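Encoded as structure tokens, the structure appears first; notes follow it.
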Amino acid sequence: MTYERTIGDTILAVDQISLSFGGVKALSDISFSVREHEVFAIIGPNGAGKSSMLNCINGFYHPQEGTITFKGKTRRQVRPSEAARDGIARTFQNIALFSGMSTLDNIMTGRNTKMNKGLFWQAIRVGPAEKEEMAHRAVVEKVIDFLEIEAIRKTAVGTLPYGLQKRVELGRALAAEPDLLLLDEPMAGMNLEEKQDMCRFILDVNDEFGTTIVLIEHDMGVVMDISDRVVVLDYGKKLAEGTPDEVRTNQDVIDAYLGVSHGEDE
Amino acid sequence: MLFFLETVISGLMAGVMYSLVALGFVLIFKASGIFNFAQGVFALFAGLALYDFIAEDGWFYDLFGFALPVWLGIIATMGVMVIVAWLVERLVLRHLVNQEPIILFMSTIGLAYFLEGVGDILFGSDVKPLDIGLPQGASDYLLDNYNLYVEKLEVVAAVVAAVLVIVLAIFFQKTRIGRALRAVADDHQAALSVGISLRTIWVIVWSVSGFVALVAGIMWGSKSGIQFSLSLIALKALPVLILGGFTSVPGAIIGGLIIGVGEKVAEVYAGPFVGGAIENWFAYMLALVFLLIRPQGLFGEKIIERV
Ligand SMILES: Nc1ncnc2c1ncn2[C@@H]1O[C@H](COP(=O)(O)OP(=O)(O)OP(=O)(O)O)[C@@H](O)[C@H]1O
Ligand SMILES: [Mg+2]
């Protein structure tokens with residue numbers, strides 16, 4: 001990796017987060033922090049609580065204990081729309097696109113938080129809203145360009161192959177011009193070439209726009225390659241945190257991965 | 001032939017009404033997956049409210065000593081419907097997020113009876129002739145030139161319905177709210193993740209279907225007066241939805257017209273042989289046939305089980 005970035009101050013601090021569903025403790029007492037412009041990976045076996053962690057950060061889940069500080073604002077519970085407005089965008093482990101809409105419209109929805117004119121205002125006065133729409137279109141076109149998906153601009157995303165859907169989903173998140181991008185297994189189920197493309201996009205986003213990225217990934221090779229730091233979860237607990245090399249040689253981590261069947265490495 | 005045409009046209013009028021109510025159902029169903037049993041009552045409630053804003057014996061007149069002009073009355077009624085939508089979100093939907101569809105459905109049945117009760121208490125239960133100045137009587141032009149008896153009101157209703165559908169289509173396809181609405185209809189989580197607030201969307205959708213209900217209430221009220229039987233056309237909208245598909249706006253329109261015309265024609269031509277009253281069950285028969293051969297409706301999305 002030869003790109004050059006300046007890792008900044010802490011942008012996201014997760015502090016003693018605990019989350020349970022009935023009797024299931026999905027997360028217990030998790031703390032870590034992510035610095036600006038960093039690529040930060042969350043790894044761990046199936047059911048470790050990785051997705052739950054992302055869901056807490058963007059407000060889908062409300063942890064019973066602990067706080068999350070993002071860009072200086074400390075909160076325990078945040079609403080998804082608030083998180084989005086604060087600059088957090090995400091993709092999902094199971095693709096969540098608007099399948100009836102075109103690629104263009106899907107990515108356009110990513111602009112939602114950047115649109116100033118209130119919803120009602122927009123319904124009433126078409127004029128200025130129209131102008132605004134054009135400006136947003138320009139950003140969307142840039143994203144489409146960046147992700148090399150011009151060819152499928154008008155295609156209904158439901159009909160696209162899996163790999164491309166993942167890319168459109170990334171596009172929708174990028175369109176929000178987020179400060180923090182959460183990626184839940186962006187490369188799961190992809191072939192080697194698609195994975196390489198996705199890696200390149202993630203690094204380019206981080207490099208060109210300085211976007212801080214938190215990603216979940218099972219493919220160790222990928223994790224070691226692209227992330228600056230890694231946190232390891234197992235059964236809802238934090239096992240380790242550090243650089244890829246530190247984590248790789250950590251005995252607890254090795255035990256966890258050897259002890260648990262780790263067959264999802266595709 | 002002329003008589004057949006007249007039958008078809010009067011069927012279309014009834015059909016337009018069914019379409020309008022079905023349209024309200026579709027909007028809410030698309031955005032929130034809720035089958036809103038109260039849609040018919042919405043039309044009744046909107047009609048009652050409008051009447052009381054603009055009539056000399058309405059309670060607005062009692063309170064302030066004058067009645068609102070029609071256009072102001074319509075705006076005020078729309079305001080009432082927005083408040084109803086907001087209250088529904090605030091008091092009902094918000095607390096039932098993630099519940100089973102059947103529970104949400106039951107809650108709308110409750111809502112229907114509640115609104116009917118409130119309407120009764122506030123506005124009284126006698127039939128109220130709504131007159132907002134829409135043309136009444138037969139069209140002289142058609143009568144003189146083609147010897148065709150067509151109510152002017154029917155023509156107006158058809159035009160209004162057409163305009164409404166076009167406006168809604170533009171609203172859904174071209175505006176940002178429309179896009180947000182479609183997003184919510186497609187995937188709640190994804191919609192939330194891009195910062196769309198479900199609550200705002202719900203209030204908007206319920207307001208829009210309140211608006212559609214108001215239009216239905218006006219048309220119906222101008223024809224036969226505002227009366228409580230209006231809430232029963234909600235039941236007729238059910239077969240319309242089965243015909244048109246629960247998620248299709250054009251389906252609601254076409255479905256409504258087919259049922260409206262179908263039952264009139266059946267009544268007039270087949271009625272005498274089976275002793276009449278076909279109108280009462282024709283729509284349900286048709287829906288049943290459709291359920292057997294095309295359960296997703298004319299335009300509905302094909303139902304594919306996810307694996
Ligand atoms: N909405 C929910 N309701 C109930 N239990 C949940 C919910 N979400 C997660 N869990 C539970 O929390 C635990 C952690 O799940 P989570 O999805 O966060 O794991 P993960 O690390 O993302 O796993 P995977 O690698 O399989 O995606 C699991 O036991 C799961 O069953
Ligand atoms: Mg997961």
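The values are calculated or read from the model by the stated rules, or taken from the named source; none is laboratory data. Note that the structure is predicted; figures quoted are calculated from it, not measured. Every residue, glycine among them, receives a Cβ derived from its backbone with ideal geometry; neighbour counts consider all protein chains shown.
Brief remarks follow.
- Within segment A:60-73, the residues that satisfy the criterion of being in a strand (DSSP E or B) and either farther than 21 Å from residue A:240 by Cβ or within 16 Å of ligand 2 (Cβ to nearest atom) (or both) are A:65, A:67, A:69, A:70, A:73.
- Some residue of segment B:211-233 being more than 12 Å from chain A (Cβ to nearest Cβ) and either of a type in the set (D, E, K, R) or more than 21 Å from residue B:47 (Cα to Cα) (or both): yes
- Among the criteria (1) in contact with a Pro (Cβ under 6 Å, 6 or more places away or on another chain); (2) closer than 18 Å to residue A:172 by Cβ; (3) not aromatic (Phe, Trp, Tyr), the one residue A:86 does not fulfil is (1).
- For segment A:167-180, the set of residues classified as assigned to a helix (DSSP H, G or I) and within 12 Å of another protein chain (Cβ to nearest Cβ) consists of A:168, A:169, A:171, A:172, A:173, A:174, A:175, listed by residue number.
- Test: residue in segment B:243-255 that is polar (S, T, N, Q) and at pLDDT below 85: yes
- With respect to the stated conditions, residue A:164 fails to be out of contact with any His (no Cβ under 7 Å at 6 or more places or on another chain), modelled with pLDDT of 95 or more, away from chain B (no Cβ under 11 Å) and within 22 Å of residue A:216 (Cα to Cα).
- Some residue of segment B:155-164 being facing chain A (nearest Cβ under 10 Å) and in contact (Cβ under 8 Å) with a residue 60 or more places away in the chain: no
Okay, residues lined up against (1) farther than 25 Å from residue A:226 by Cα; (2) facing chain B (nearest Cβ under 8 Å):
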{"site": "A:61", "(1), (2)": "yes, no"}
{"site": "A:64", "(1), (2)": "yes, no"}
{"site": "A:77", "(1), (2)": "yes, no"}
{"site": "A:82", "(1), (2)": "yes, no"}
{"site": "A:87", "(1), (2)": "no, no"}
{"site": "A:93", "(1), (2)": "no, no"}
{"site": "A:98", "(1), (2)": "yes, yes"}
{"site": "A:105", "(1), (2)": "yes, yes"}
{"site": "A:115", "(1), (2)": "yes, yes"}
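- Of all residues making up segment A:4-46, the number that are among the hydroxyl-bearing types (Ser, Thr, Tyr) and either surrounded by 22 or more Cβ atoms within 10 Å (Cβ to Cβ) or within 16 Å of ligand 2 (Cβ to nearest atom) (or both): 0
- Sole exception among (1) within 24 Å of residue B:198 (Cβ to Cβ); (2) not in a strand (DSSP E or B) for residue A:19, by number: (2)
- Residue satisfying all of: in segment A:29-59; assigned to a strand (DSSP E or B) and either within 16 Å of residue A:236 (Cα to Cα) or within 12 Å of ligand 1 (Cβ to nearest atom) (or both); farthest from the other protein chains (Cβ to nearest Cβ) among these: A:29
- Every residue from segment A:88-104 that is in contact with a helix residue (DSSP H, G or I) (Cβ under 6 Å, 6 or more places away or on another chain) and within 16 Å of ligand 2 (Cβ to nearest atom): A:90, A:91, A:93, A:95, A:96
- Residue in segment B:165-173 that is under 18 Å from the mean Cα position of the chain (by Cα) and under 25 Å from residue B:8 (Cα atoms) present: yes
- Screening segment A:151-207 for residues that are surrounded by fewer than 18 Cβ atoms within 10 Å (Cβ to Cβ) and aliphatic (A, V, I, L, M) and picking the one that is farthest from ligand 2 (Cβ to nearest atom) gives A:151.
- Taking segment B:2-82 and the helices (runs of 4 or more DSSP H) fully enclosed by it, the elements with 2 or more residues that are within 22 Å of the chain's Cα centre (by Cα) are at B:2-32, B:39-54.
- Some residue of segment A:75-94 being without any contact (Cβ under 8 Å) to a residue 12 or more places away in the chain and touching a strand residue (DSSP E or B) at 6+ places or on another chain (Cβ under 7 Å): yes
- Residue list for segment A:8-28, restricted to those being free of Cβ contacts under 8 Å to residues at least 40 places away in the same chain, within 12 Å of ligand 1 (Cβ to nearest atom) and more than 14 Å from chain B (Cβ to nearest Cβ): A:22, A:23, A:24
- Of the residues B:244, B:262, B:256, the single one that is more than 15 Å from residue B:20 (Cα to Cα) and either touching a helix residue (DSSP H, G or I) at 6+ places or on another chain (Cβ under 8 Å) or without any contact (Cβ under 8 Å) to a residue 24 or more places away in the chain (or both) is B:262.
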